[in-house]
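Okay, so here's the structure we're looking at.
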Amino acid sequence: MHHPLTVVEDRSSFDVDDGTEGSATLSVSLILVPLAVATVAAVRGATASRDERGRVICQVQTRMRDEALLSAALRQTNAVVTADHQEIVASWDRVQATFQRGPDAVWSAHLTGDVDEQGAVDIVRAIDAEYGRQVQRAVLEQLRERAPAAGLRLESETVAEDASVRMVFAVEGRLS
Amino acid sequence: MTEKPRIVLTVTSAGIVSAETKGLAGSGCLDYITILEDLLDARTIESAYTADYTRTNVNTQDLQEERNVERA
């Protein structure tokens, strides 16, 4: 994987009289997307069609990849969920959603029942928001579990008003 | 005084992670791109790095370098 980085070095006052060089520290800032998430954009628009029984089906492409997290997110929306590896079916009172994997392993939703295209997008957006919380929870658990083995010691953990979680790790491993 | 090496991570409720290394000597901070990707099962979609040289006693010589770094 390539990470194009632009480096700007401000070397003002860097050359030292006695010929020794100043010590240098560098900071990298990154944005990372968990593999459970396909893209940053949550939900694209819906397309409507009819099945062989004449029912309207609204299809919505999602960014969700992880079956277990998607099932958990659906249960959080009070859906009755049945799942196998190829398909997840979620049922609410008047709407049913069938999720199927595309060739890129990303789930797309097919909604039937009392729902139009905008309603389908709204429902998938709500599921996506819950999915995001599930991913956040999984990432935080993974960090707490794996960080010590990578030489990182958790110094502090704070939750912001927007529910984002900030963790500060001291670098104590072999790479420090 | 040398800053203690740290990594600051923010995980949003949408599941997106931002990370910043602080106080890591030289280009050692670059190693943490791969470490964080492995740690988080994630891929980096944006990265930037800025030099933050610890200054000692000195001659003033304004010099700014810009270069592109491509990691394999």
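Do we have any residue at all in segment A:106-117 that's within 28 Å of B:LEU36 (Cα to Cα) and either at the interface with another protein chain (Cβ under 8 Å from one of its Cβ atoms) or touching a residue at least 12 places away in the same chain (Cβ under 8 Å) (or both)? Taking every residue of segment A:106-117 in turn, at least one turns out to be within 28 Å of B:LEU36 (Cα to Cα) and either at the interface with another protein chain (Cβ under 8 Å from one of its Cβ atoms) or touching a residue at least 12 places away in the same chain (Cβ under 8 Å) (or both). Of the residues making up segment A:27-63, those that are in contact (Cβ under 8 Å) with a residue 60 or more places away in the chain, within 10 Å of chain B (Cβ to nearest Cβ) and buried (at least 21 other Cβ atoms within 10 Å of the Cβ) are A:PRO34, A:ALA36, A:VAL37, A:ARG63. One residue alone among A:THR112, A:THR98 is part of a strand (DSSP E or B) and more than 21 Å from A:VAL37 (Cα to Cα), and that residue is A:THR112. Screening segment A:79-92 for residues that are assigned to a loop (DSSP other than H, G, I, E, B) and at pLDDT 95 or above and picking the one that is surrounded by the fewest Cβ atoms within 10 Å (Cβ to Cβ) gives A:TRP92. Here is the figure for segment A:139-159: residues that are more than 8 Å from chain B (Cβ to nearest Cβ) and in a helix (DSSP H, G or I) total 5. Among the numbered conditions (1) assigned to a loop (DSSP other than H, G, I, E, B); (2) over 18 Å from the mean Cα position of the chain (by Cα), the only one that A:ASP162 does not meet is (2).
Looking at the structure I just gave you, is A:THR77 within 18 Å of A:VAL135 (Cβ to Cβ) and among the hydroxyl-bearing types (Ser, Thr, Tyr)? When the stated conditions are applied, A:THR77 passes them.
In segment A:138-161, the residues that are farther than 18 Å from B:THR12 by Cβ form Cβ pairs under 8 Å with partners that are basic (Lys, Arg) and surrounded by 13 or more Cβ atoms within 10 Å (Cβ to Cβ), at six or more places apart or across chains, as follows: A:ALA147/A:ARG153; A:GLU155/B:ARG6.
Taking B:ALA19 as the residue in question, decide whether it is in a strand (DSSP E or B), of a type in the set (Gly, Ala, Ser) and at pLDDT below 70. Walk me through how you get there before you give the answer.
Working: in a strand (DSSP E or B): yes; of a type in the set (Gly, Ala, Ser): yes; at pLDDT below 70: no.
So B:ALA19 does not fit the description; no.
Of all residues in segment A:165-175, one or more are modelled with pLDDT of 95 or more, under 24 Å from A:ARG75 (Cβ atoms) and at the interface with chain B (Cβ under 10 Å from one of its Cβ atoms).
The values are calculated or read from the model by the stated rules, or taken from the named source; none is laboratory data. Everything numeric in this text was worked out from a predicted model, so none of it was measured. Please note: Cβ atoms are built from the backbone with ideal geometry, for glycine as well, and neighbour counts cover all protein chains shown.
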